[in-house]
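Novice: Dropping the structure in here first, questions after.
The values are calculated or read from the model by the stated rules, or taken from the named source; none is laboratory data. Remember, predicted model here, so these are calculated numbers, not experimental data. When we count neighbours, we look across all protein chains shown, and the Cβ atoms used for this are built from the backbone with ideal geometry, even at glycine.
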Amino acid sequence: MKKIAIPGDEISSIPKRVNGTYIDKGKTYASTITMVDSDTGHLLPLEGAWSPRLNDTVVGVVTMVKNHVYEVDLSHFGRGLIIEGKFDKLSLSVGDIVDARVRDIEDRKTVILENPRKLYGGILVSIKPAKVPRVIGKENTMVKTISSITGSRLAVGYNGTIWISGGDQSAALIAIEVIENEAHTSGLTERVRIMLEKIVKPEFKELQKQREKNERDNKTDWE
Amino acid sequence: MGSSSNKPELLKNGKRLDGRDFNELRELKIEAGILKNADGSAYLEWGNNKVLAAVYGPKEAVPKHFADPTKAVIKCRYAMAPFSSLEDHGRTGPNRRAIEISKVAKEAFENVIILNDYPGAQIDIFMEILQSDGGTRAAGITAAAVALANAGIHMRDLIYSVSVGRIGEHMAIDVNKIEDNYSDADMPVAISPRNNELLLLQMDGGLTKKQYEESMVMILEAGKKIHEVQRKALEDYYSINKKNTEQE
């Protein structure tokens, strides 16, 4: 049974340190709006800002270039800094879209990024950071579903920014909107798959089949 | 406060002017998440009170010297629209009364928001009174609590607020404008329902100890109903989204 817990609802009678809860007098209470699965005890916060963790992927736009330092705008969160190493040669300019990994957390509004990858073309969408784990899905299943059906390439940042390029972008956009609105419901991947198969334009399906075929042909035996 | 010389009759046949019992609330409706640009929002209708509450944040505190490196800073704005009242409220913008209410509301929220979770950040709370009919600070705080939960701000509890008045020897809950202006005493209260902690207590007029205790019993009883409406508003907001899925 899934149930919505509001701030102040008792989650557990023993102290548990989970995201979206706090402990008071040996009991655990919800501190945000949370979906509680009473069978498994799993908690899914429905709202909330992203608190950065190491190795999280982010997507942003370069807003400032200084000597060996690039500043990236991370919309909901704040900014990220890419510091050019001694042997790196980054050629980023203002307005470039990059995806990168969090290397270090500087302060509340600043993170240090590493492994930047420049993304060419495409569109950027912004969603609530609390919904990002659902867009990625368990072991990337959701992203894989969207990109395989629409033929688009996606880069999903934990800061709530998503980059979409190629394929049926409008279908991918609709899929992301559906996921954001219904992040707390179960069986979402299957529903998105059914929905996408209805709305994706036929020419992109052909494209996708072609791509899959190419991949199969290129596969070597030892793989 | 009205003068006592031209005080209207507040009781008719043992009932209040609008036909309510002494422990009866006005009709209360709350809707969460109605402003798309805000991080969290709520619209409340409580009798003739209409309140719009919005929450922005946590964001970087401005001006910079305002920021506290150990905890979040809360900014609270209570404002009455110029068209909100029967009497002219004059120009829009903060006046002495609005500044006071903003301050007490801010202090009520400071006690439930887990400030240490957002060091160096600022949380903006806005309470706009679109139409007023007594007890607007209670309505504002009740709406803002829902908006805060909708924004995903970490809170210890979803607080509610309600006012209580004294009409002669009787205590009456949720006073409207006439009762508020001409009653012998009125007392707005904000409470954290998890442990019934008192977060706001103001009093205009006088109450005996017995009357105070009687009114607190009344408030805690009514608070259960208010908290239930707040919970329903939030549950509805998330289940509406669920309904859309089923249609597709």
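Novice: For the range A:15-27, give me each residue that is on the phi < 0 side of the Ramachandran plot, modelled with pLDDT of 90 or more and within 12 Å of chain B (Cβ to nearest Cβ).
Specialist: Those that are on the phi < 0 side of the Ramachandran plot, modelled with pLDDT of 90 or more and within 12 Å of chain B (Cβ to nearest Cβ): A:T21, A:Y22, A:I23, A:D24, A:K27.
Novice: A follow-up question, please. Does B:V175 count as away from every other protein chain (no Cβ under 14 Å), surrounded by 24 or more Cβ atoms within 10 Å (Cβ to Cβ) and out of contact with any helix residue (DSSP H, G or I) (no Cβ under 8 Å at 6 or more places or on another chain)?
Specialist: yes
Novice: Please work out which residue is farthest from B:V175 (Cα to Cα), limiting yourself to the range B:105-131 and to residues that are crowded, with 21+ Cβ neighbours inside 10 Å and more than 14 Å from chain A (Cβ to nearest Cβ).
Specialist: Ranking the qualifying residues of the range B:105-131, first place goes to B:I125.
Novice: Among the residues of the range A:1-14 satisfying the criterion of being surrounded by 13 or more Cβ atoms within 10 Å (Cβ to Cβ) and away from every other protein chain (no Cβ under 12 Å), which is nearest to the chain's Cα centre (by Cα)?
Specialist: Only one residue tops the list, namely A:I11.
Novice: While we're looking at this one, here's another question. Condition first: outside any loop (DSSP other than H, G, I, E, B) and not basic (K, R). Now tell me which residues in the range B:71-101 satisfy that.
Specialist: B:V73, B:I74, B:C76, B:Y78, B:A79, B:M80, B:A98, B:I99, B:E100, B:I101
Results for (1) crowded, with 16+ Cβ neighbours inside 10 Å; (2) modelled with pLDDT under 90; (3) within 21 Å of A:I176 (Cα to Cα), shown as yes or no for each residue.
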| residue | (1), (2), (3) |
| --- | --- |
| A:S75 | yes, yes, yes |
| A:V102 | yes, no, no |
| A:V111 | yes, no, no |
| A:R117 | no, no, no |
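Novice: Consider the range B:194-224. How many of its residues are assigned to a loop (DSSP other than H, G, I, E, B) and crowded, with 18+ Cβ neighbours inside 10 Å?
Specialist: Of the residues in that region, 2 qualify.
Novice: In addition: From the residues in the range A:31-73 that are touching a Lys or Arg at 6+ places or on another chain (Cβ under 8 Å) and more than 20 Å from A:L119 (Cα to Cα), which one is surrounded by the most Cβ atoms within 10 Å (Cβ to Cβ)?
Specialist: A:S31
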